[in-house]
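Working notes, beginning with the structure itself.
Every read-out reported here was derived from the displayed coordinates using simple, explicitly stated rules and does not represent laboratory data. Note that this is a predicted model, so its numbers are computed, not measured. In this analysis, Cβ positions are derived from the backbone assuming ideal geometry, glycine residues included, and neighbour counts consider all displayed protein chains.
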Amino acid sequence: MKMSIGKSGQYGFKLANELGEFVHFYVDAATGKLFFDRRKSGDISFSNDFPAIHEKLRTSTNDELTIRVLVDVSSVEIFIDDGQDIFTEIFFPEKQYSKFEVQMDGVGERLIEGNMTAVKRIWGS
């Protein structure tokens, strides 16, 4: 996905299921920080440290943001700006995520390009 972002607002995506569980990745345009929130991702009872928001400063200062997302049942790889920044995250939803929501809530933003491709399983179903 590629989007043009403004100087303020949040831009990213949310993976969710019908139980209200979700993970949320976004960039805050005003601060230039990248965030991954897994506080409501599903089973978080096994560790007090697991339900957290991970953050890092975005390397690029370009107003065009590219995000490539690879999702599995319990993990996600996020490549930001052609791999300048990368997040690898795990989560344990009670029911598999079935929704992908794009977030663009700033001023002057627009989605330039977006597509989804299913990857076939290599193991039996």
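Shape of segment 10-78 from the C-alpha gyration tensor: prolate (a/c of 1.5 or more and a/b above b/c, with a ≥ b ≥ c the square roots of its eigenvalues).
With Rg and Dmax of the Cα atoms in Å defined as stated, name the option among [x] 14.8, 47; [y] 16.0, 55; [z] 38.6, 108 computed from the structure displayed. So the calculated entry is the one marked [x]. In the chain, Cα pairs under 8 Å separated by at least six residues give a relative contact order of 35 percent. Modelled spin-label separation between R68 and I53, with each label point placed 7 Å from Cα along the Cα-to-Cβ direction: 2.8 nm. This model, with +1 at the C-beta of Lys and Arg and -1 at the C-beta of Asp and Glu, gives segment 1-64 a dipole about its Cα centre of some 200 debye.
Step through the table entries K14/K56; K7/K95; K2/K99; K7/K120, compare each Cα-Cα distance with 29 Å, and write down the pairs that go over it.
K7/K95; K7/K120
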